[in-house]
Amino acid sequence: MKDHTFAKASAGETEEQDELAIMEHKYKLALADYQNLLKQTAKERVDLAMYANEGLILEILPVYDNLKLTLEHYPPGGDKNWLIGLQHVIQQLKKVLAEAGIDEIDTKDKKFDHNLMEAVETTETEDKEQDDLVAKELKSGYKLYDKVIIPARVNVYKFNSPHPA
Amino acid sequence: MSKILGIDLGTTNSAMAIMEGGQPKIIENIEGNRTTPSIVAVSKTGERLVGLTAKRQAVTNPENTIFAVKRLIGRRFDDPEVQRDLKNMPYKIVQSGDGVKVKIQDKEYTPQEVSAMILSKLKADAEAKLGEKITEAIITVPAYFDDSQRQATKDAGKIAGLDVKRIINEPTAAALAYGFDKKKGQKVVVYDLGGGTFDVSILEISEDTVEVKSTNGNTHLGGEDFDQIIVKWIIDEFKKEQGIDLSKDTLSLQRIKEAAEKAKIELSTVTETEINQPFITSDASGPRHLVMKMTRAKLESLVGDLVEQTMEPCKKALADAGMTINDLQEVIMVGGMTRMPLVLEKVKAFFGKEPNLTVNPDEVVALGAAVQAGVMQGDIRDVLLLDVTPLTLGIETLGGVATPLIERNTTIPTSKSQIFSTAADSQTSVEIHVVQGERPMASDNKSLGRFILDGIPPAPRGIPQVEVGFDLDANGILNVKATDKASGKAQHITITASSGLSKDEVEKMRKEAELHAEEDKKKKDSAEVKNQAEAVIFQTDKLLSESGDKMKPEDKTELEAKVKALKDVKDTDRYDDIKKAMDELNVVAQRIGAAMYEAAAKAQPTPEQPQATTEETPKTDTGPVEGEFEEKK
């Protein structure tokens with residue numbers, strides 16, 4: 001069967017052959033779309049497998065954050081053993097999250113990185129060396145494999161030149 | 001031929017979509033998100049940032065982070081909206097001739113150039129996702145945009161390397177996404193309550209156009225205002241309960257903002273939610289916790305005024321269009337805030353119609369832009385030829401069960417086939433009874449036709465393979481063919497009435513299926529229990545007749561008693577008794593079968609495989625036997 005293309009068919013052939021050429025073109029378009037969709041779906045399946053737990057992890061991470069907060073509010077003179085127990089629990093949860101692909105974003109003494117962090121506030125500094133460094137981490141950030149699922153919320157130093165004497 | 005990208009270029013967020021397989025589909029950006037913040041920045045290192053990365057550094061670099069540039073595009077410098085933004089925006093807005101520019105570091109950019117940066121990112125992300133070049137786009141704009149603003153938006157596309165085939169109105173795009181452009185002579189209202197703006201538009205759909213008859217709204221009313229009210233309530237309540245003002249603490253405020261937005265969203269589906277933020281702050285007495293409940297009623301009492309504020313523009317839009325609510329046929333909801341039950345309730349009460357919310361309100365405008373793109377590419381003409389079958393098509397199998405072959409909403413044309421078998425030994429004919437509907441029992445569905453395939457070679461039940469094929473063409477004509485694989489004998493029927501039901505009848509059948517779902521499930525389960533009981537009785541009788549002499553006498557007696565007990569109940573409606581008798585029979589049969597294996601193993605080193613005695617569904621190696629026909633006389 002002769003392979004009519006849409007362009008050939010439009011060069012003065014019969015109406016029926018025009019229609020046939022159009023139909024063939026559309027059929028090929030639909031087939032191509034379908035095959036591209038198959039490829040895209042295959043890729044999406046791989047992504048889905050990798051990030052399938054993302055929804056559940058996003059629910060768990062705030063609870064993990066709150067658990068870590070309890071350590072910061074340990075009262076002086078409190079039961080040390082109780083504290084150690086809590087630290088073990090947190091460590092356990094950290095391990096489970098790590099095995100699920102979670103990596104905590106490190107912000108300590110780092111330069112502000114918009115790919116990993118979100119600046120929530122700034123602290124003025126007269127030390128130029130400190131400009132754009134993370135002053136304080138307000139909320140932890142996390143990556144799931146290579147994807148930032150929660151950026152670290154940070155306070156960033158902003159250099160303000162000192163007033164002249 | 002490359003695809004045309006549909007783009008919703010929003011004030012706060014943008015989205016993009018494409019036609020795929022005749023359906024509009026949102027394309028995610030490279031960060032994996034379905035929307036992209038409409039924000040552009042140049043970082044301290046001179047790096048241009050667009051979208052989420054620009055948003056994240058906004059606080060450290062406010063003078064060089066441009067957001068809401070849509071408020072400036074195509075406007076003159078002396079425009080009141082520009083003058084308002086001049087005072088409120090953290091970035092510099094400067095006059096350039098009659099027009100406007102924004103300053104990023106030392107350079108000045110027109111709003112078109114800034115918008116072009118956003119469009120460039122969307123274009124690049126779409127190309128990365130689709131693996132093909134994108135050179136053409138449809139971009140949406142608010143209905144109230146004048147010629148200058150529309151031209152400026154088109155110019156932005158050009159700067160970004162996009163040939164903008166058309167600029168369409170956002171409410172029109174929403175109507176396209178719902179397919180309302182096909183509803184000639186109808187009048188539609190589009191209620192758009194987004195993150196920062198509210199727009200209401202009245203559309204009239206005629207033969208080949210969708211006309212915006214009027215538009216009204218509030219350019220500074222949106223979801224963020226709702227969040228602010230909830231945040232204030234939380235702070236006030238905490239102050240009342242614990243005497244501490246959290247509004248000055250950045251971290252606490254951040255947590256409260258997120259909790260407020262989460263509570264607002266949750267209360268769209270539940271009537272009460274808990275706001276739980278442990279260790280929200282601390283003072284001399286130790287840590288303090290923010291734990292409070294919020295009901296939907298409370299939320300509605302807090303934000304009721306804001307929702308009420310949207311009604312006046314609706315009245316004005318109707319008046320400007322010269323219409324009353326009785327002239328309208330449809331209400332379309334756009335924007336995330338329209339998911340709130342109070343908003344839906346007020347809109348329904350005002351317009352007297354059920355609002356349309358089935359298309360994601362955050363994405364409906366981008367999807368509509370893609371539909372327009374599809375029309376321009378000729379895709380939609382093809383889509384119009386492709387229909388779906390509105391109800392499930394299947395055949396009746398053993399026990400009167402309706403076994404589906406083509407599920408409802410399957411795009412046609414389509415073909416499906418399945419292998420079936422016989423219900424009784426030496427059954428030489430099968431009746432194919434074609435049914436249509438969603439109920440699990442064939443008698444509750446619509447009968448479309450029946451025919452008989454005979455000449456099946458006699459064989460034990462479950463052995464013959466009869467392939468039943470359904471072929472449904474684009475016109476809804478169903479061809480059903482049954483072929484006995486052993487003899488090659490075939491029979492078929494053509495049914496023209498498979499799509500003959502009216503829309504109301506289809507809807508009625510679907511609703512009935514939902515209404516009777518529980519009792520239907522019980523009926524089907526009961527039929528399946530009876531089928532299983534029949535199969536077990538058959539297998540056990542066979543075992544007793546073929547291997548009864550190999551059993552211990554007491555085992556044989558016990559097995560006979562159990563199978564008799566099952567035979568006594570199998571025709572009753574006492575399905576629990578049938579199941580119990582079947583389970584007891586299976587336990588005994590398995591024990592006897594194991595004992596027979598053991599005895600055979602002791603007698604010779606390599607015992608033959610005995611017949612299975614407790615198979616409920618006979619299986620073949622060549623394919624699934626899903627159901628069995630009853631022999632019809």
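The values are calculated or read from the model by the stated rules, or taken from the named source; none is laboratory data. It should be emphasised that the depicted structure is a prediction, and the values quoted were computed from it without experimental measurement. So basically every Cβ, Gly included, is an ideal-geometry build from the backbone, and we count neighbours across all protein chains shown.
Looking at segment B:46-68, which of its residues are more than 9 Å from every other protein chain (Cβ to nearest Cβ) and either under 39 Å from the mean Cα position of the chain (by Cα) or β-branched (Val, Ile, Thr) (or both)?
Here is the first cut: in segment B:46-68, the residues more than 9 Å from every other protein chain (Cβ to nearest Cβ) are B:46, B:48, B:50-51, B:62-68.
Of everything in segment B:46-68, those that are more than 9 Å from every other protein chain (Cβ to nearest Cβ) and either under 39 Å from the mean Cα position of the chain (by Cα) or β-branched (Val, Ile, Thr) (or both) turn out to be B:48, B:50, B:51, B:62, B:65, B:66, B:67, B:68.
Residues in segment B:459-466: is at least one closer than 28 Å to residue B:519 by Cβ, in contact (Cβ under 8 Å) with a residue 12 or more places away in the chain and of a type in the set (A, V, I, L, M)? Walk me through it before giving the result.
Residues of segment B:459-466 closer than 28 Å to residue B:519 by Cβ: none.
Scanning segment B:459-466 turns up no residue that is closer than 28 Å to residue B:519 by Cβ, in contact (Cβ under 8 Å) with a residue 12 or more places away in the chain and of a type in the set (A, V, I, L, M).
State yes or no: is residue B:520 under 30 Å from residue B:579 (Cα atoms), touching a residue at least 60 places away in the same chain (Cβ under 8 Å) and acidic (Asp, Glu)? Please lay out each step first, then the result.
Working: under 30 Å from residue B:579 (Cα atoms): yes; touching a residue at least 60 places away in the same chain (Cβ under 8 Å): yes; acidic (Asp, Glu): yes.
Yes, satisfied.
Kindly provide the set of residues from segment B:184-232 that are of a type in the set (A, V, I, L, M) and more than 30 Å from residue B:247 (Cβ to Cβ), ordered by number.
As a first pass, look at segment B:184-232 and keep what is of a type in the set (A, V, I, L, M): B:188-190, B:193, B:200, B:202-203, B:205, B:210, B:212, B:221, B:229-231.
Those that are of a type in the set (A, V, I, L, M) and more than 30 Å from residue B:247 (Cβ to Cβ): B:188, B:189, B:190, B:200, B:202, B:203, B:205, B:210, B:212.
Could you identify the single residue in B:415, B:426 that is surrounded by fewer than 22 Cβ atoms within 10 Å (Cβ to Cβ) and in a strand (DSSP E or B)? So that I can check it myself, show each step before the final result.
Details: B:426 fails: in a strand (DSSP E or B).
That would be B:415, the only listed residue that is surrounded by fewer than 22 Cβ atoms within 10 Å (Cβ to Cβ) and in a strand (DSSP E or B).
Do we find that residue B:240 is among the charged types (D, E, K, R) and within 14 Å of another protein chain (Cβ to nearest Cβ) in this structure? Lay out the reasoning, then the answer.
Numbers: among the charged types (D, E, K, R): yes; within 14 Å of another protein chain (Cβ to nearest Cβ): no.
So residue B:240 fails the test.
Which one of B:256, B:275, B:244 is part of a loop (DSSP other than H, G, I, E, B) and farther than 30 Å from residue B:351 by Cβ? I'd like the intermediate steps shown before the answer.
Numbers: B:256 fails: part of a loop (DSSP other than H, G, I, E, B); B:275 fails: part of a loop (DSSP other than H, G, I, E, B).
So the residue among B:256, B:275, B:244 that is part of a loop (DSSP other than H, G, I, E, B) and farther than 30 Å from residue B:351 by Cβ is B:244.
Considering segment B:484-518 alone, what residues qualify as being modelled with pLDDT under 80 and in contact with a Phe, Trp or Tyr (Cβ under 6 Å, 6 or more places away or on another chain)?
Matches in segment B:484-518: none.
Are there any strands (runs of 3 or more DSSP E) wholly within segment B:85-143 with 3 or more residues that are under 22 Å from residue B:25 (Cβ atoms) and in contact with a strand residue (DSSP E or B) (Cβ under 7 Å, 6 or more places away or on another chain), and if so which? Can you show your working first?
Working: elements: B:92-96, B:99-104, B:107-109, B:136-141.
In segment B:85-143, the matching strands (runs of 3 or more DSSP E) lie at B:136-141.
With respect to residue B:54, is the statement that it is closer than 22 Å to residue B:223 by Cα and without any contact (Cβ under 8 Å) to a residue 40 or more places away in the chain true? Outline the logic, then answer.
On the way: closer than 22 Å to residue B:223 by Cα: yes; without any contact (Cβ under 8 Å) to a residue 40 or more places away in the chain: yes.
Judged against the criteria, residue B:54 is a match.
Find the residue count for segment B:52-74, including only residues that are in a helix (DSSP H, G or I), touching a helix residue (DSSP H, G or I) at 6+ places or on another chain (Cβ under 7 Å) and of a type in the set (A, V, I, L, M).
1
Among residues belonging to segment A:109-165 that are in a loop (DSSP other than H, G, I, E, B) and among the acidic types (Asp, Glu), point out the one that is surrounded by the most Cβ atoms within 10 Å (Cβ to Cβ). Please lay out each step first, then the result.
Within segment A:109-165, the first condition is being in a loop (DSSP other than H, G, I, E, B), and the residues that meet it are A:109-110, A:112-116, A:126-127, A:131-132, A:140-141, A:145-146, A:151, A:160-165.
So of that shortlist, the ones also among the acidic types (Asp, Glu) come out as A:109, A:113, A:126-127, A:131-132, A:146.
Details: A:109: 7, A:113: 18, A:126: 11, A:127: 10, A:131: 17, A:132: 22, A:146: 8.
Applying the filter and picking the extreme gives A:132.
How do the pairs read when you match residues in segment A:49-74 that are within 14 Å of residue B:277 (Cα to Cα) and within 11 Å of chain B (Cβ to nearest Cβ) with residues anywhere that are assigned to a helix (DSSP H, G or I) and of a type in the set (A, V, I, L, M), using Cβ under 6 Å and keeping only pairs 6 or more apart or on different chains?
Pairs found: A:67/A:90.
Among the numbered conditions (1) in contact with a Lys or Arg (Cβ under 7 Å, 6 or more places away or on another chain); (2) in contact (Cβ under 8 Å) with a residue 12 or more places away in the chain; (3) part of a strand (DSSP E or B), tell me where residue B:282 comes up short.
Single failed check for residue B:282: (2).
Which residues, counting only those in segment B:16-51, are crowded, with 20+ Cβ neighbours inside 10 Å and outside any strand (DSSP E or B)?
B:27, B:29, B:35, B:38, B:51, listed by residue number.
Can you name the residue in segment B:353-392 that is among the acidic types (Asp, Glu), buried (at least 19 other Cβ atoms within 10 Å of the Cβ) and touching a Gly at 6+ places or on another chain (Cβ under 7 Å) and, of all such residues, is modelled with the lowest pLDDT?
Ranking the candidates gives B:379 first.
Here are B:268, B:247, B:252: which of them is hydroxyl-bearing (Ser, Thr, Tyr) and touching a residue at least 40 places away in the same chain (Cβ under 8 Å)?
Exactly one residue qualifies, and that residue is B:268.
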